[in-house]
Amino acid sequence: MTIPMNPIFEKEIRTRLRGARAFQLLFAYVLAQVLIIGGLVWMSAAFGTEVPLGEIGKSFWALTFWMQLGLVTVITPGLTSGLLVAEREQQTLDTILLTGLKPTHIVVGKLFSIALFIIWLLVGSLPVTAIVFLTGGVPPSEILLAYVLLTFSAMVYGSIGIASSAVAKSQGKATLLAYTSAMALFIVTSIAAVPAIGGIYSEARHTAYFTAINALGAPGATTFNEMYFGINVPAWLVSGVINSSLTVIFTLLAAYHLSGCQPCFAIALRRTIYGMFVAFAALLGGANQLHIEYIQLFAFIAPLTLVATFGTGSSANASAPGSIWKRVFYGHDAASGRLFAFFTYTVGAIVIFGATAAFRVWTQTDELQPFTTRAVGQLLVSGLVNTAALTGVAALGMRLVPGRWAALGFTLLGWATPMFLLGICTAFLQSSSSSALGFIAQTTVFDYSQSPNTSHWIVTAVAGAGCWIIARWKR
């Protein structure tokens, strides 16, 4: 009895391990790790500080893991960003598609081959990491879970690279897009890893949230518990679910573009993102002791992500006929995409508000940043208004500039930049400021005072409506 294997996966593995390049990369990977760790040990010995052996083991393990994370973050997008675009440039992609393999089989086969190669690199570095067992201070279970989280991160960055390879037309553009997207995701998720980094050197088991989404916090977050709806959930489990979901989304995105933007993949992508978005919103709402800044980031980033992803695509002449539900989940053009973005954020906002009102223990976490139901409502309504206004900006971008990428850049830069600058102004200008700049600054989601003023939202709505009017006029 033979186990069926993806032919693309088998071909990629045989090709990659047939030559000497893979073994040279493994040697360079382990050598870089040994040199960096040796330099750190030599520097610490030169200072002659007396530190307990267990603490040295914790520091050694954290530095070793972070170095591997840096290498994986740099290597993985580069390995995957050229997989599909190289086939296209060598004119072999059409031959692969003629074999009858589905686009998902091709993408998954290539992605898993890179994932297995990254795991091979990580296993090759285990003898260096095992030095920590001589010093103690770190149990084997924490090391195992940290490596699992590192594998999840490698899968996410690999899926970003292969999605970039499916979207871009050249290897240079694919590499640039892959590294830009991977670095942006790394920077955004690293904020949540800060409590876990501090927990490496502490015996206390903290309650934090999303600390292991970025593997930067994996050495400390493996012992963290996150409380959702009154239930303690291991941080590594939450990280695994979220990172696996992101991997699925980017894999579907790659299959969608590889298939020539077939509607079936667009529908599957929308349904998957909708389900994962609502589930993540439920986690935010049901998180006890969650700081309001997480919901603040959600209300700012979620509209940008949804509208930029679905509202600047192909501008078909007609959307899917039928009810609004069919247009949202069965359409595959930019017009139905903007409706999908607004509908998805609205459902997510309702889920967050309902969950926080029902399950959260309301406490004042900071005198300057009170966390009340009214503050949450204001934040979510601000995000809703921003989502509606962003659809107007995206529609205007589709009319003014040619091409998907130009419209995407217009949407992101034309809205995110002024909103971010106005958000900075809120740090210096109070809501009661009588100046025009102080008034406009409070239109962003960075203001979450307990006295919502609907006139702040009117400014955002008027700006979005103006973009819609110009877009309709340009038609």
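Across region 251-257, rounded Karplus estimates of 3J(HN,Hα) from the backbone phi angles (6.51 cos²θ - 1.76 cosθ + 1.60, θ = phi - 60°) give 5, 5, 5, 5, 5, 4, 6 Hz, Gly and Pro being marked x. Peptides 123-130, 293-300 ranked from most to least packed by the mean count of surrounding Cβ atoms within 10 Å: 293-300, 123-130. Between the beta carbons of ALA461 and ALA357, assuming R0 = 22 Å, the FRET efficiency works out to 0.30 to the nearest 0.05.
Overall dimensions of region 7-260, expressed as equivalent-ellipsoid semi-axes from the Cα gyration tensor (√(5λ), whole Å, largest first), are 35, 22, 14.
In this structure, the amide hydrogen of VAL233, modeled 1.01 Å from its nitrogen in the peptide plane, lies closer than 5 angstrom to those of GLU226, MET227, TYR228, counting only residues at least 5 positions away or on a different chain. Near LEU252, within a Cβ-to-Cβ distance under 14 Å, what is the net charge of the other residues, with Lys and Arg +1 and Asp and Glu -1? Every neighbour counted, the sum reads +3. Each of the peptides 154-165, 377-388 was scored by the mean count of other Cβ atoms within 10 Å over its residues; in descending order, highest first, they stand as 154-165, 377-388. On the beta carbon distance between ARG374 and ILE301, with R0 = 30 Å, the FRET formula returns roughly 0.85.
On full extension, the segment bounded by ALA268 and TRP473 gains 70.5 nm, given 0.36 nm per residue less the C-alpha separation. Distance between the modelled labels on VAL347 and VAL34, one decimal in nanometres: 5.4 nm (7 Å Cα→Cβ projection).
Each value in this text was obtained by applying a stated rule to the coordinates, not by laboratory testing. All values derive from a computational prediction rather than experimental measurement. For neighbour counting, all protein chains shown are included, and Cβ atoms are generated from backbone atoms with ideal geometry for every residue, glycine included.
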